[in-house]
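Participant: Just dropping this structure here.
The values are calculated or read from the model by the stated rules, or taken from the named source; none is laboratory data. Keep in mind that this is a model prediction, so the values were computed, not measured. Neighbour counts are summed over all protein chains in view; Cβ atoms, including those assigned to glycine, are modelled from backbone coordinates with ideal geometry.
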Amino acid sequence: MEISRYLRQDRADENGECSIDFRVCWKQQKIRFSSGYKVHPDDWIETVEVVVDPATGRRRKRKKFQTLDRAVNRKLDVYSYGLEEYFDKLDYYPTISEVRAELTRIRQAELGIEPKQPEKKKPEETAAIGPTFFEFWDQYMADHAGLKAKHYVRHFKSTKDHLLHFAPHADFKDITLPFANRFLQYMMKQGVQDETAYKQLKHLRVVMRYARKCGIAIPNDFEDFPSYRSIIQREALKWDEVVALQNVDLPNNLVRQRDIFLFQCYTGLRWSDLKHVRPGNMIEIRSDGNEMEPALRLIQEKGRRENLVPLTDQAVGILKKYGGTLPIISGQKYNVLIKEVARKAGLNRRVVLTEYYAGQRVDVEKALHEIISSHMGRHTFAMIMLDRKVDITDLSDLMGHGSISTTMIYRTIRGEDKIKVMQKAWGKQSAKI
């Protein structure tokens, strides 16, 4: 067994003093420990591993005039002699934990040094481990800002704002099923439509899942948060209504918005993808008849997948009219102007919309031109293709859906088709309302 002392000069404090440490080696094992004393390097004699009196060590350069600091050296010797006696009386080589236990005994019994007890922090002084709930929410949005569309992050920002108003001091441990139910009731009392309120809960559930993946301890019942099965009303224009839009006389500012809507009806593109239509996206592909046909090749904003969209003659005509780049404006302005276009085109067909507020059903009847929007052009494309007996799998590919189950939403029987089905079963009915 060998014991040596050395100065930790790599860890000097603000006064330049360094800790005196011990190194103990035996039978291919080694430990290091601090003596608990610090000295200035000028007061340490490395060759004999002793401390000199600071009053003489720094002023007198000649060692024969230096006097030793007997008090400190005596305490250092207690460690050395105590460990030597401990090893001498053993007939085996101790483990590291046994040697550390002996060091603790030497400190307490022979040097009178009690082990330091960790200070108990007051609850309010205890530092929080990891991010708070709302800090983590910001982290989630930052982590997904470059991976998702802009509106995705914007929706999560809206949910966070609602949560801050509802429970500004909420933390992960508070996000339980009762919390979710209270938040849902709060949203409904604010006049938020039921479907929107349930979407806020969906966002909350997504963030909680992400927190669990990041190793944060969260309540287990967040997967039981209530979900909403909405009544999906995919209203679309009939072909004669599309023709009415084509033929209506309009001022120039409305002509541009009408053309954009018709382009959606002919291609099925989402509003978010229209801004990416450029001359460079136009290609020609060879058809079965060995002829070259025009098409668009785009990376979809939603899902970031490549989609190849063949172009009809009407769609090509619109692109040529604007030099291959559509005159896109903001979505909000567009939805206002396209309603005016539809009104001038006489799209007055009555449509009943069903909505739920605080669990109460509300049926609202409106004219078609009052509810037309950018996404209705995409719906119209889907319904026209289905009316013309296009296979649902092919339609899913044309629309760039990630799953055919999304396209199946459009596969509903229209009113006139239902009449044909009933007449086939019951014959033509003569009763009138």
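Participant: Sort out which residues of segment 156-165 are farther than 17 Å from P131 by Cα and surrounded by 17 or more Cβ atoms within 10 Å (Cβ to Cβ), and write them in order of number. Talk me through it step by step, then tell me what you get.
Facilitator: Step one: filter segment 156-165 for residues farther than 17 Å from P131 by Cα, giving 156-159, 161-162, 165.
Once the filter is applied, which keeps residues that are farther than 17 Å from P131 by Cα and surrounded by 17 or more Cβ atoms within 10 Å (Cβ to Cβ), segment 156-165 yields F156, T159, H162.
Participant: Same structure again: Does segment 23-51 hold any residues that are charged (D, E, K, R) and touching a strand residue (DSSP E or B) at 6+ places or on another chain (Cβ under 9 Å), and which are they?
Facilitator: As a first pass, look at segment 23-51 and keep what is charged (D, E, K, R): 23, 27, 30, 32, 38, 42-43, 46, 49.
Matches in segment 23-51: R23, K30, R32, K38, D42, D43, E46, E49.
Participant: Residue under question is R378, and the condition is that it be among the charged types (D, E, K, R) and either modelled with pLDDT under 90 or more than 16 Å from L274 (Cβ to Cβ) (or both); does it hold? Spell out the reasoning first.
Facilitator: Values: among the charged types (D, E, K, R): yes; either modelled with pLDDT under 90 or more than 16 Å from L274 (Cβ to Cβ) (or both): no.
Against the criterion (among the charged types (D, E, K, R) and either modelled with pLDDT under 90 or more than 16 Å from L274 (Cβ to Cβ) (or both)), R378 does not qualify.
Participant: Taking E284, is it more than 19 Å from G324 (Cα to Cα) and of a type in the set (D, E, K, R)? Spell out the reasoning first.
Facilitator: Numbers: more than 19 Å from G324 (Cα to Cα): no; of a type in the set (D, E, K, R): yes.
Judged against the criteria, E284 is not a match.
Participant: For the condition among the hydrophobic types (A, V, I, L, M, F, W, C), farther than 26 Å from R154 by Cα, touching a Cys at 6+ places or on another chain (Cβ under 9 Å) and surrounded by 14 or more Cβ atoms within 10 Å (Cβ to Cβ), what is the one hit in L262, L245, L250?
Facilitator: Values: L262 fails: touching a Cys at 6+ places or on another chain (Cβ under 9 Å); L250 fails: touching a Cys at 6+ places or on another chain (Cβ under 9 Å).
Testing whether each residue is among the hydrophobic types (A, V, I, L, M, F, W, C), farther than 26 Å from R154 by Cα, touching a Cys at 6+ places or on another chain (Cβ under 9 Å) and surrounded by 14 or more Cβ atoms within 10 Å (Cβ to Cβ) leaves just L245.
Participant: For segment 263-310, give me the residue count where each residue is among the basic types (K, R), part of a loop (DSSP other than H, G, I, E, B) and out of contact with any Lys or Arg (no Cβ under 7 Å at 6 or more places or on another chain). Full working, then the answer.
Facilitator: Within segment 263-310, the subset among the basic types (K, R) is 270, 275, 278, 286, 297, 302, 304-305.
Then drop every residue that is not part of a loop (DSSP other than H, G, I, E, B), which leaves 270, 275, 278, 302, 304-305.
The next check asks that each one be out of contact with any Lys or Arg (no Cβ under 7 Å at 6 or more places or on another chain); those that pass are 275, 278, 304-305.
Summing the residues that are among the basic types (K, R), part of a loop (DSSP other than H, G, I, E, B) and out of contact with any Lys or Arg (no Cβ under 7 Å at 6 or more places or on another chain) in segment 263-310 gives 4.
Participant: Restricting segment 308-346 to residues that are without any contact (Cβ under 8 Å) to a residue 40 or more places away in the chain and polar (S, T, N, Q), which is surrounded by the most Cβ atoms within 10 Å (Cβ to Cβ)?
Facilitator: That would be N335.
Participant: Out of the residues in segment 1-24 that are assigned to a strand (DSSP E or B) and surrounded by fewer than 13 Cβ atoms within 10 Å (Cβ to Cβ), state the one that is farthest from the chain's Cα centre (by Cα). It would help to see each step written out before you state the result.
Facilitator: Initial filter on segment 1-24 (assigned to a strand (DSSP E or B)): 2-7, 18-24.
Applying the additional criterion that residues be surrounded by fewer than 13 Cβ atoms within 10 Å (Cβ to Cβ) yields 2, 4.
Values: E2: 57, S4: 55 Å.
Looking at the filtered set, the residue picked out is E2.
Participant: Here is a further query. Write out, first by first residue and then by second, each pair whose Cβ atoms fall under 7 Å of each other, whose residues are 6+ apart or on separate chains, and whose first residue, in segment 404-421, is assigned by TED's automatic domain parsing to the domain that holds A382 while the second is part of a loop (DSSP other than H, G, I, E, B) and modelled with pLDDT of 75 or more.
Facilitator: Matching pairs, first to second residue: T407/H401.
Participant: Pairs needed: first member in segment 22-35, farther than 13 Å from Y6 by Cβ and modelled with pLDDT of 85 or more; second member anywhere, charged (D, E, K, R) and assigned to a strand (DSSP E or B); C-beta distance under 9 Å; at least 6 residues apart or different chains.
Facilitator: Close Cβ pairs (under 9 Å, with a partner that is charged (D, E, K, R) and assigned to a strand (DSSP E or B)) amount to I31/R23.
Participant: Which one of these is exposed (fewer than 13 other Cβ atoms within 10 Å of the Cβ), modelled with pLDDT of 85 or more, farther than 16 Å from R234 by Cβ and charged (D, E, K, R): R361, R350? Let's see the steps before the verdict.
Facilitator: Numbers: R361 fails: modelled with pLDDT of 85 or more.
The match here is R350.
Participant: Do we find that F33 is aromatic (F, W, Y), in the same structural domain as V99 (by TED's automatic domain parsing) and within 14 Å of N73 (Cα to Cα) in this structure? Steps first, please.
Facilitator: Numbers: aromatic (F, W, Y): yes; in the same structural domain as V99 (by TED's automatic domain parsing): yes; within 14 Å of N73 (Cα to Cα): no.
No, not satisfied.
Participant: With respect to D69, determine if the residue is among the acidic types (D, E), surrounded by fewer than 17 Cβ atoms within 10 Å (Cβ to Cβ) and modelled with pLDDT under 85. Lay out the reasoning, then the answer.
Facilitator: Details: among the acidic types (D, E): yes; surrounded by fewer than 17 Cβ atoms within 10 Å (Cβ to Cβ): no; modelled with pLDDT under 85: yes.
No.
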